[in-house]
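Single-structure report; data block below.
Taken together, the values in this text are just the output of simple stated rules run on the coordinates, not laboratory data. Here the structure is a predicted model, which means the values were calculated and not measured. Using ideal geometry, Cβ is built from the backbone for each residue, glycine included, and neighbour counts are taken over all protein chains shown.
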Amino acid sequence: MSKIAMIRSALSSGPSRQLRSAPASSHWAFAQRFLSAEAGSSDASSDDPFFRSAPEGLVYGRISGRTQSILGKNMLKTDLIHHLEGCDLSFHDIKFEYNRVFFLNSALVQFPVRASFENAFKQIKLRGGLFNLAKIGRSEWDMKSSYDGKAVKNEHIGYLPNRQVLMEGIPYNATLDDIERFLSGCNYDSSSFQFATRTQADSDPIRLVVVKFPTQLDASYAYASKNRSFCLSTPVNMRILQ
């Protein structure tokens, strides 16, 4: 037999075929062990249908007070962002829900990913569980308008949101002219006045007036220059709605 024939016979022998098939079986055994290990070490939270049903991407929630139906009237978006530290939130990810007399009922929050939503639960628990967090659908978020309003262009700064300011304590005998004199020096929309009344059990009702400002700077200037100023000898509290 020639050397070439001997080599061909050796390559086609049984032991060589067994040697070629060994890697496939070993890979299959490794895959089985790997999948078993992965199944055993999965996070318990993934078995929770509440989290499992949440799609990848944006997740929406509502934050409300635990001991009372409102969050208060002085909370700012920055307060909520600091409370939910590590959730990667911005001003545009929060919409406040006020009642008809402008107490803060709750806040709608848009979380960038599901992990941020889950982290919010942890942060609330770590900080004493002062709030409730419930998951909501995107339709609720889309239907809720923000008091920030639409963006308008400032030629020096760029685009800034419209802002609305609540004036608390305007006298009942004050006319529109009196209110405009109170806001003298401020840049505001005089056609945007909205009026409401907040009743109180132990004192007289409070007259509320909401007015729109073209930019955040205009609203901030009005707050800084007019807060606790007097309208017809009555002090007026200014509060920027967010």
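Ranking Asn105, Leu76, Ser90 by how far each Cα lies toward the positive end of the dipole of the stretch 49-143 (charges on Cβ) leaves Asn105 at the top. Using a simple spin-label model with pseudo-atoms 7 Å out from Cα toward Cβ, Glu97 and Asn187 lie 3.5 nm apart.
By the beta-carbon count within 10 Å of each Cβ, the least crowded to most crowded order of Met75, Met167, Met143, fewest first, is Met143, Met75, Met167.
Overall shape of the stretch 201-242 was characterised from the C-alpha gyration tensor. The equivalent ellipsoid obtained from it has semi-axes of 22, 13, 8 Å, in decreasing order. The alpha carbon radius of gyration of the stretch 49-143, expressed as a multiple of 2.2 N^0.38 Å, is 1.02. Along the stretch 234-242 the Karplus relation, 6.51 cos²θ - 1.76 cosθ + 1.60 evaluated at θ = phi - 60°, assigns HN-Hα couplings of 10, x, 10, 8, 10, 9, 7, 7, 10 Hz to successive residues, with x for each Gly and Pro. Size check on the stretch 151-241: the Cα extents along the three principal axes, sorted descending, read 47, 23, 22 Å.
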